[in-house]
Structure formats: structure tokens, C-alpha cells
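Everything below concerns the one structure shown next.
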Amino acid sequence: MPESRSHFSRRVNHALDDPKLQKALIGAMTGLRGRRNAAFESFDFAKGRAELKRRRQANLERLPELLDQFAQRLAAAGGAVHLAKDAAEACDIIGQLCWNAGSGLPSGRRMVVTKSKSMATEEIGLNDYLEGLGMEVVETDLGERMVQLTHTHPSHLIAPAIHLTKEDAAKVFGTEPTVEAIQRHARESLRQKFIEATVGISGANMAIAETGTIVLVTNEGNADLTTTLPPVHIALFGIDKLVASLDDAVAVLRMLPRSGTGQLISSYVNWITGPSRSADIEQSLTIGVHGPRELHCVIIDNGREKMLLDPIFRDAMTYIRCGACSNACPPFMAVSGHQFGGHIYNGPIGLVLTPFHHGLEDADLANTLCVQCNACQEICPVEIPLPRQILEHRRRGRKSLRKRAVLGLWTRPQLADTLMRAAAPFSGLVPGTPKLARTPIRDRVQEHHVDGEPLTIFASCLADRVWPEAAVALERIATAAGFNVGFPKEQWCCGLVAANAGDFKTAHKLTTTLAESLRNSRGLIVTPSASCFGAFTMDAPDWGAPPDEGVRERMRDSTRFALQLLDANRNLVDGVRLSLKIAYHDSCQTLRQLGLKSEPRRLLELAGYEVVDLPDIANCCGFGGSFSLEWPRVADRLAQWKLDAIAKTGCAVVASDNPGCLMHIAAAARKRGLELRVAHVLELVAEHLT
């Protein structure tokens, strides 16, 4: 039975209210990101990503061929391949292999199966299946062992016990709460299990077709013992792990440890080709010398072929399971992987994979926790378009009543206008809620009759109704530069609020209506909302037929437009005034979709300001359009982290180029009682006009 929204909300709130969990998450996520950044100082991330992406996509084109080649080469080395179409078949195959391996055990002796870390075994529910057959299943990865003994699931793809503190681990193992004592106990308690094990089960980070080799990338040493001591080794992995060559495997190794744990290389990289063998005695080949006498590779589909055939989700099959997207994800750091993902796969990639492996409803509520900040795609070592894929699942998922009500209102601009005007005097009275403008920009715009080049302002619904000062500043700057500024009052919304809610039909309707309202405008169309610019010019074709091409070609974002003006005419502003330090907040769309980082900073510097970057622990302020309406407490947690970063700069002013971010940060600052000025970049530039 699908989880109810109210139950899921209680889980989210419990995570937000758990101080131990919050401490563990912040420490782990910031630490992993910091080590990852340091690891890529010695290696060109962009170059490595392009190379790995090219190789992984090329391998997808040849999967059937690579599967056949891998099976042939492994058989030649003495191993065997077993194909499983789904979780049930994979469990049956592995169960039979284990049963066969344990057939020679003394009567009454319980068979021991040791396991190294494997998300594929979690995916198919293997532990419960084997235990149901009477076997003792022992996780040997320290984090996985903690998860197993607490009867939970991994909360992170590469750090399964990231939600647990050393005090939690000490309670589980019955030791002193020190890292040394916990590790010593795990080492001592597991040693005998390694020796007793009849079967060792692992996953595989790669399966190399040209040699029949599986590759394991680990750190603790438990995988070596799991794959070496038992007489039978079983490796379970998806068809997506197949690579063509050793060169392909090396390309993965260059990116995987750096992206996942911030290591140049992991402590152990095991290359396993068939069972152990020796020909030292008269050159007579012997199988099963010090290591296993049998190697079985169980290769599972379980929805992967369906993913491969879907053009939107195909790139998800290039995933190398590094977990970097979780490390970069702000809501993940706020609520943990037990909330942000399905019951097995978590993080941004988990939101994409889960519907294929375990069904849409296993993660459709968690899907709504994605703020669409694009941090996951930015950090992904194969550049999977995770935000777009998450939205595609969101289209088919359950929608909250609150979200449906907002979208219903947004498709009726006249009703929205009436309600927002009526609510404006009372808005912002509740701490943490946004203020609506009592006088929207459409009421402030006046007709201009100058001989300058025509220019049209698209304010965006937020700049119009919440932050009209941005549009006013744009009008002042453009007028000072000699433009004849116009404002078509039929304009409303670009459709982004609906698209982010997973309603592409409404998004297409809104963006089409906007294009019609701007079609007869003159000159360039400039908007002070970076996210709306990106939505209209870049995202809209995904929602339906592209909007009017002529309108799209005339659209400009205000940051680059104003920067071009100042570069062409430095006399527009007084850039030698007493310099004021400005903390700058990069909006997600500006930074990651439009790729603008230096441009807003240079614009402020040309206008005479000193820009200070934020020492941020999160990648987003938490606005996210309808996200902040649906998950206000999560959005507020992200905003509080943003305010903490602003406070560290010592600046009394924070600037950005996105009205939604400004609204959200300003509301959070009022809630905290901070005397902080929150301003659009254009407001600050306009204040220094000569």
C-alpha cells in the first residue's frame, strides 16, 4: 500500500527535528564535498567527465554485444554468467547457487553467507530471501553491518550508515563510543564469519567484456576477504555495469573515487577474472587454490532495459554509482536519504532509478522534495540530466492539494490578480512568509515617448507581484541608456511554476499565453528573472510545442543585458563611489542553467561595489517555486543555512538576480529578526546611475 502524504510529512519533520541526524548529515555532506573538490584540483573534471560520458554512452549502444562477449570470456576463464529478468529470478538463481554450495555441510550446521557492500543485493531484497531459506547472512562492510543490525536500509549509496553517529554504532555493537573501539569490535567479530562462510557475495563496479573481468572498488578490505576466502563467489550486478575494455574501466576509476569519497584512488581495486587457479605443479591447471573454486556472475535487468529504451531516461544507465549527486543535494542534507529517495535507492539518482526498479509510488512523494536546483547534474561525473528526469517522473506522480490549488489559480490571471491585490496588505505578517507588493510593476509603468531604440520588459509574475523594484530598476537603467521602454500589461507567467510541479500541460499553456502577449512588442525583451529567462528560452520546448521563435530570439536576461550596457558605456554609472561590500547569492538557474558566475559579479564591480562570495554549505536558498509552498520547513532550513553564510561575510546587503530567491531570503531574514538588506543586482546598479 502506498505511503500516505501525511505519514511521509511526519517522517520529513522528524528528520528536521532530530539534532543528532542534522549534525551527522551536515558533517558528512560538507566533508565529502570538500574532499571531492580537493581531489579534482589535480585532475580536470570537465575533461574527465566528457571522456567518461562518451565512453559510457558508447557502451550503451553495444550492451547486447558486450553481454555476450563478457559471458564467453568469463566462461573461458572458468566462471559462469546467469541472467535474471527481475528481482525474483535473481533471488531464485542466487538461492539455488547457495543451496548447491552448502550441500556438503554437516547436518544441522547453518550455512554462512558473507557479503560485501552491494546496492544491487539491496535492490532485490536478497538478505531477507536467503535468511528465509535458513542461511545466516552477514554484511561485512562496517556501514552495512550497522544498517543490518539496526534493521534499516542504507541512507546513502556509498556511505550506508551516514545517518548514524558513533554513539549509535557503539550501542549496536556494545562497545565504547570511540571509532577505534567500534572498528576493533567489527574486525574481531567478523573474522570468524569470513572463515566460516561457504559463499561470498559481492556486487561489481564494472564488468569488462574484453576480458570477462569484474572490478570492485572498495576501502575497508572486507571485499577481498568476501571474494577470496569462501569456496564460492557470487557477484550480482546490473547490465549497466558492462564496459567494453580495460580503458573504459580506467576512465571510470579516474572519476569514481574522486567523485564519491574524494580519493585519488580507493584503498582497494580488485580485478577478478574467473575463480582462483594455479599451474605451479607440472603446469597442470588447478581451480580453487587459495581463492574460490567457483565464480558466478548474476546479471540483472529489473527495469534497466526499459530505462535504456526511453530517450529521456537512457542517460541514467551511464551512472557509475558514486553518490556525488546526494552529496551536492541541499534537501538531501536536510532530511537524509531515508526520506529523499525510494526505500532502497536514494538521492537524486534514486528518484530516477526507483520507479524502474520498485514502481513509481515508491518514490513519488520523495520526488517532491527535489528543489530543482540542478546541483546534482552539475556535479555528476557523467552529466546525467537528473533534474529533467526527476520532473518526468513527477509528471506521473501524486500532486498535493496545495500544489493543485496554486496551479489552478495561476491559470486564471484575473482571479490571481484580484486575490493578490486583496492579500497584499496582510502578507508577510506571519514570520517567514513572503510579502506581496501593494503596487505591482504593471501599476507603476508609465508610457515613454523618446526617440530611443525600443525595449520591452517581461517582469515575470514574481517581479511584478513580489519584487517590482527589480523591474523598476531595469526600466531606469534602460531609459538611462536611451531605450524607449515598453511593458505589455497582458503578460503573466512563463510557466516554470507549473513545470516544476510536474504539470507540463499547464506550463505549456502559460508559456504559450506569455508568447502571445509579447508577440507584438518591440525590440529586445529583457527580464529581471534569470529563472524565467531560462524557462522560456531553454525549458519550454520540453513542455510542448516551442513558443514563438521570434519572441524567444528577442528574450534577454537582465544580467548580461546590463553588463553589455556598462561595458559599452562606463559613464552610465558612477563607479568610483565609496565601495560597499555586497554578499552575492548565486541563484541556481543563473549559475547552473545559464552558466553565469563572473557576469553578475563584474556588473556589480563596474557599478562600484565590492562583491563577497558566500562560504556556503548548501547549494540553494530553498525557494524552488512551488517547493517552498509544499515543503516550507525544508525550504526554511535551506534559507537558514544561507543566512548563516551571509552572516559570515559581515555584509549588510545581499544581492541576487532572481526575484524568487530574494523573496525567500528576505522572508527568512525577517523571521530571524535580521537587519539585512536584500536587493536585486539591478537595484544596486540603478542606485549608482550617473
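Give the residue from Ser118, Leu130, Ser107 lying farthest towards the positive end of the charge dipole for the range 92-182; charges sit on Cβ (+1 for Lys and Arg, -1 for Asp and Glu) and the dipole is referred to the Cα centre. Going by the Cα projections, it comes out as Ser107. Measuring nothing but protein heavy atoms, the accessible surface of the chain at 1.4 Å probe radius is 52 percent carbon and sulfur. Taking the 0 to 90 degree range and rounding to the nearest ten, how far is the long axis of helix 468-480 tilted relative to the main principal axis of the chain, both from C-alpha atoms? Roughly 60 degrees between the two axes. Over all projection directions, the Cα-based convex hull of the range 373-500 averages an area of 11.2 nm². For the chain, the mean residue ellipticity at 222 nm estimated from helices alone is -14000 deg cm²/dmol, where every DSSP H run of n ≥ 4 contributes -39500 (n - 2.57) and the total is divided by all residues, rounded to the nearest 500. Using θ = phi - 60° in the Karplus curve 6.51 cos²θ - 1.76 cosθ + 1.60, the 3J(HN,Hα) couplings for the range 234-244 round to 10, 10, 10, 7, x, 5, 5, 7, 6, 10, 6 Hz; x is entered for Gly and Pro. Judged by the gyration tensor of its Cα atoms, with axes a ≥ b ≥ c, the range 319-395 is rounded; a/c sits under the 1.5 cut.
Between helix 504-518 and the chain there is an angle of about 30 degrees, using the helix long axis and the longest principal axis of the Cα atoms.
Rg/Rh for the chain (Cα atoms only, Rh after Kirkwood) is 1.03.
Over the chain, Cα pairs under 8 Å with separation of 6+ residues give a relative contact order of 12 percent.
Under the combined filter of DSSP loop state and at most 14 neighbouring Cβ atoms within 10 Å, the range 55-142 retains these GluC sites (Glu not before Pro): Glu61. The mean accessible area for residues of the chain, using a 1.4 Å probe and ignoring ligands and nucleic acids, is 41 Å² per residue. Compared with the dominant principal axis of the Cα atoms in the chain, helix 558-568 is inclined by about 60°.
Taking a straight Cα-Cα cut-off under 24 Å and skipping sequence neighbours fewer than 8 places away in the same chain, the lysines within cross-link reach of Lys171 are Lys20, Lys23, Lys115, Lys117, Lys193. Applying both filters, DSSP loop and at most 13 other Cβ atoms within 10 Å, to the GluC sites (Glu not before Pro) of the range 199-308 gives Glu282. Charge dipole (Cα centre; +1 on Lys/Arg Cβ, -1 on Asp/Glu Cβ; no other charges) of the chain amounts to roughly 1460 debye. Counting Lys and Arg as +1 and Asp and Glu as -1 over every other residue whose Cβ lies under 9 Å from the Cβ of Ala668, the net charge comes to +3. In terms of its C-alpha gyration tensor, the range 81-144 comes out oblate, because a/c is 1.5 or above while a/b does not outweigh b/c.
The residues neighbouring Gln377, those whose beta-carbon lies less than 9 Å from its own, together hold a net charge of 0 under the Lys/Arg +1, Asp/Glu -1 convention. For Lys505, the lysines whose Cα falls under 18 Å of its own Cα, not counting residues fewer than eight places away in the same chain, are Lys399, Lys403.
The values are calculated or read from the model by the stated rules, or taken from the named source; none is laboratory data. Treat the numbers as computed from the prediction; the structure is a model and nothing was measured. Quick reminder, even Gly has a Cβ in these numbers, built from the backbone with ideal geometry, and neighbours come from all protein chains shown. Only protein heavy atoms, including side chains, enter the accessible area calculation; ligands, DNA and RNA are left aside. Shrake-Rupley method; radii C 1.70, N 1.55, O 1.52, S 1.80 Å.
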